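What follows draws every value from the coordinates through simple rules; no lab data is involved. Predicted model only: the values in this text are computed from it and were never measured. Note that each Cβ is placed from the backbone with ideal geometry, even for glycine, and that neighbours are counted across all protein chains shown.
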Amino acid sequence: MITAAPPPSDCRMTAPADLPDEATAAAELERLAAEIARHNRLYHTEDAPEISDAEYDALMRRNAVLEAAYPQLIRADSPSRQVGAAPAGHLAKVAHARAMMSLENAFSAEEVSEFVARARRFLSLAADEPVALTAEPKIDGLSCSLRYERGQLVQALTRGDGAVGEDVTANVRTIGDIPERLSGSAPAVFEIRGEVYMAKADFVALNARLLAEAEAAGDASKARQFANPRNAAAGSLRQKDASVTASRPLRFLAHGWGEVLPAAGAIPGDTQLDVMHAIADWGVPVSDLLIRAADADAALAHYARIEAARAELPFDIDGVVYKVDRLDWQARLGAVARAPRWALAHKFPAERAQTTLERIDIQVGRTGKLTPVARLTPVTVGGVVVTNATLHNADEIERLGVRPGDRVVLQRAGDVIPQIVENLTRDAPRAPWTFPTRCPECDSDAVREEGEVDIRCTGGLICPAQRIERLRHFVSRGALDIEGLGLKQIEDFFHDGLIHGPADIFRLSEEQLLARKKDGRVWAANLLAAIEAKRAPDPARFLFGLGIRHVGSVTARDLVKAFGTVEKVAEVATRAAAEPEARAELEAVDGIGPVVAEALIDFFAEEHNRIAWADLLSQVRPMPFVSEQRDSAVSGQTLVFTGSMETLSRDEAKAQAEMLGARVAGSVSARTDLVIAGPGAGSKLKKAAELGIRVIDEAEWAAIVAAAR
DNA sequence: GTGCCTCGAGTTCT
DNA sequence: CTCGAGGCAC
């Protein structure tokens, strides 16, 4: 694709002059979504573009301008949600209708009991009320969401980051286990979630076939060999050419569901097991090891059975998944940041291996933290060759007593991140490994702050490692998520002087990119389109991307939610340097205390940051915060719960309030809008009366919650 | 003051 | 994923 010179940076400034009214804008956005989708298809799938790349970019920009002006009109199928413009060679990215969450892990029977106890507490259940769980093997494959509309398969997405997955519809259609149509009567929309995997025997046969094919082609050393069935399944599913997927023996097992429409009454059953049986009846495979266990002990017995049968199973598994069987309880339990409170993955013990620690290197993170990394003699653990493992900090090195040359025991915690668990070398007392006192990248002093474990480089922005890491953070998946702009690109651009700070990313020109790569027209156009798509970024992602200490994704979201826009957050933080009232305003936000407030104030007081901030805003217009909460009688209000609750636990009441767009405070003040008082309420109730604040009881609260559904 | 709980930051490999 | 630490309830 060919892109015109980058748009003038003031294009967003001039936009308001020719903005249509809301109804016209809605119609235009609808037309743009359809048109851009059509051009994407023509370009990527049919290789027959009808318009020039400059014209395509103009459509994308117009879409971004309208969405920035009318965030409430952003469509579910908006091109801006399709992260980048599906660069050639990659699969299109599509937002999930319901996030695909991960699961909390447990490694012992005690943790499983604790999980049930926590659910019981949250639901305020009597100690003798049984909590039935489903239990089934956790297949080691890759999660996938299959969307059926009127019984017809219309879309398949990989898990991706949970919010946005890759479109693998064409590939999934080649998998025999996955029917094109559901048999019987399914709801209007039903998303089946499950695991795409490869059986162990098929994996061995596939590797043998690939080897034989390479030999026939004359060079067996070039044969592609997969390390394990999971990688083989992932590599086979994420193919651009679906005919390759068709030649790979993939299978599928359902384990849950996502969006179901109509919302009321369409779910076929009252329990997890009912629905899984319905899915099986529709013709989609469900594990024959799925059972309902009456309680935690019965679930643990099933775990023992599955663990004993593990080697005989036709596929790899890495544990057993338990789910609270009753769907009404699942709904009440809800979810924490990225995992439901009603499901648990009970993992098998991690596989261990021995190897030699060759040396200890120091890495510099974006905050300046120096992290020691163990370089290891390569060793296979859990099907993957590991050569690096983090040692976290100086304390950890001291605890393990490791030095270069030592034999160590390695395990992959939770089957992912390798960690050194034990040092096998126990010879005479030796001089310990000493932590450097200067930054290996910029030679600034490296110091350990009072009361902290970490040692940090004091170089700040003069340290090239910190600058690069900050840039990398800015474009990372949780922040702006610019497709095609990874660590390597950022590093190259930085070293060649194309980029000094985040705003420079938006000034990259086609000429600059083309000068770096022969025949790089497609690459340059895709990269510029991906950057262009982020000129009106999500405000929380944008704030997170700034890399302010102690402000991660959740805190960033809380801040923009509280203040409405990122600009307002910056304004309050700037004023707070001199005005105690502004500081109090920051600390009034749930989850913000003195340390986080100070970090925000420091950031916006720092000269370099002020310059970078103004520079960024000359290129980018973050969108205002859009609440995904439902309207209710208490939206935007500050609530205080006091006294005891009969049908609700404290946690659950708080979760309900947040879902309705309210803030929950701990004590009654002039800022409180409503007090929900149960029996035994004392001083808070009295204070509410003094201040003339409305007080309701639990039944009235339940009515407000019910009215909002 | 103490003890959860949640969040942030850094991390592996394909 | 794990660890440390900040925030907040008790």
Task: Whether region A:247-296 is rounded, prolate or oblate, judged on the alpha carbon gyration tensor where a/c under 1.5 counts as rounded - done: oblate
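Quantify how much of the Cα-Cα distance distribution of region A:336-413 extends past 14 Å, in percent.
Working: 2040 of 3003 pairs.
Tail of P(r) above 14 Å: 68 percent of Cα pairs.
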Task: HN-Hα J in Hz across region A:131-144 - Karplus 6.51, -1.76, 1.60, θ = phi - 60°, x for Gly and Pro - done: 10, 6, 10, 8, 9, 7, x, 9, 6, 8, x, 9, 6, 8
Task: Amide H partners (placed H, <5 Å) of residue A:637, local residues excluded - done: A:663
Task: Those GluC sites (Glu not before Pro) in region A:99-167 that DSSP places in a loop and that have at most 11 other beta carbons within 10 Å - done: none
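Between residue A:403 and residue A:37, what FRET efficiency comes out of the Förster formula 1/(1 + (r/R0)^6) with R0 = 51 Å and r the beta carbon distance, rounded to 0.05?
Details: r = 58 Å, r/R0 = 1.14.
Calculated value: 0.30.
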Task: Amide H within-cut-off set for residue A:363, under 5 Å, with H built and near neighbours excluded - done: A:371, A:373
Task: region A:313-416: trypsin sites (Lys or Arg not before Pro) falling in loop per DSSP and having at most 10 other Cβ within 10 Å - done: none
- [ ] Please work out how much length the chain gains when fully extended from residue A:351 to residue A:23, using 0.36 nm per residue of separation minus the C-alpha to C-alpha distance, in nm with one decimal.
- [x] 112.2 nm
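Ranked by Cβ crowding within 10 angstrom, fewest neighbours first, how are A:433, A:342 ordered?
Details: A:433 18, A:342 25.
Ranked by crowding around the Cβ, least crowded first: A:433, A:342.
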Task: Within region A:253-281: backbone nitrogen closer than 19 Å to the residue A:185 label point (7 Å, Cα to C-beta) - done: A:260-270, A:275-281
TODO: Using a/c under 1.5 as the rounded threshold, could you call region A:221-326 rounded, prolate or oblate? The axes a ≥ b ≥ c are square roots of the C-alpha gyration tensor eigenvalues, and prolate needs a/b larger than b/c, oblate otherwise.
DONE: oblate
Open item on the list: Test of understanding: what is the full-extension gain from residue A:631 to residue A:461, defined as 0.36 nm times their sequence separation minus their Cα-Cα distance?
Closed with: 56.8 nm
Open item on the list: Starting from the 7 Å offset along Cα-to-Cβ, what nm value, one decimal, do you get for the label separation of residue A:149 and residue A:703?
Closed with: 4.1
Open item on the list: How much length would be gained if the chain were fully extended between residue A:500 and residue A:367, taking 0.36 nm per residue of separation minus their Cα-Cα distance, in nm to one decimal?
Closed with: 46.2 nm
- [ ] Hand me the trypsin sites (Lys or Arg not before Pro) from region A:170-261 located in a DSSP loop with no more than 16 other Cβ atoms within 10 Å, in residue order please.
- [x] A:173, A:224, A:238, A:240
